[in-house]
1. Kindly establish whether Leu124 is outside the structural domain of Asn27 (by TED's automatic domain parsing), of a type in the set (A, V, I, L, M, F, W, C) and either free of Cβ contacts under 8 Å to residues at least 60 places away in the same chain or touching a helix residue (DSSP H, G or I) at 6+ places or on another chain (Cβ under 6 Å) (or both).
2. How many residues does the range 103-129 contain that are of a type outside the set (Lys, Arg) and closer than 16 Å to Leu3 by Cα?
3. Please list, ordered by residue number, the helices (runs of 4 or more DSSP H) wholly in the range 10-105 having 2 or more residues that are modelled with pLDDT under 75.
4. Return yes when Leu104 is touching a residue at least 12 places away in the same chain (Cβ under 8 Å) and over 24 Å from Gln65 (Cβ atoms) and no when it is not.
5. Taking the stated definitions as given, is Val134 of a type in the set (Val, Ile, Thr) and assigned to a helix (DSSP H, G or I)?
6. Output the number of residues of the range 8-23 satisfying the condition of being under 17 Å from the mean Cα position of the chain (by Cα) and more than 16 Å from Val101 (Cβ to Cβ).
Amino acid sequence: MYLRTTEAIADFVAVEYGRAMKRSLQNHCPQGQRQTRRSRLPGRLEKYRTELMIYHKDMKAYTEQKAKVFVVILGQCSSEVKNKLVNNVGFKALEDSDDVVGLLKMLKEMAFSTSGVQHPYWTLQNVLRRLTAVNQGPSELVSNYHKRFLATTKVVE
């Protein structure tokens, strides 16, 4: 589902904002910045200024498009996924900077993560089963039993 949705978003972004933004989403890396260098020739200074002006115009457009794409991706998430994202530690920084690549990486991590996928009720049942199975052996010291009992109950908390 993550892969299909990401591809659909990339197609939409290509139509709205161009191929460069689509490649940025597909490769999970920010759009490359143009590199300019100053030349010592007098005729090149005007060319440099023109390129710099174009660069700043492109960066402004890129920043605006990045914010729109961030909202589009977030809008495709279900309320459960949005809640998980909002509760994630790094989400606020991603939202402040409209980091599309970081958001996609976070969504990918959530989609393909294998930890925490067990239903909470099932986890509780397993913990309770382990807790009731803890008993002191015939030759076990009370202090060792107490340590083992505490280790088991920490999972329940």
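1. For Leu124, the condition - outside the structural domain of Asn27 (by TED's automatic domain parsing), of a type in the set (A, V, I, L, M, F, W, C) and either free of Cβ contacts under 8 Å to residues at least 60 places away in the same chain or touching a helix residue (DSSP H, G or I) at 6+ places or on another chain (Cβ under 6 Å) (or both) - is met.
2. Number satisfying all stated conditions: 9.
3. 19-27, 42-75
4. No, not satisfied.
5. For Val134, the condition - of a type in the set (Val, Ile, Thr) and assigned to a helix (DSSP H, G or I) - is not met.
6. Adding up the residues that qualify gives 0.
The values are calculated or read from the model by the stated rules, or taken from the named source; none is laboratory data. Given the structure is predicted, the values throughout are model-derived calculations rather than measurements. Because the Cβ atoms are built from the backbone with ideal geometry, glycine has one as well, and the counts that use them run over all protein chains shown.
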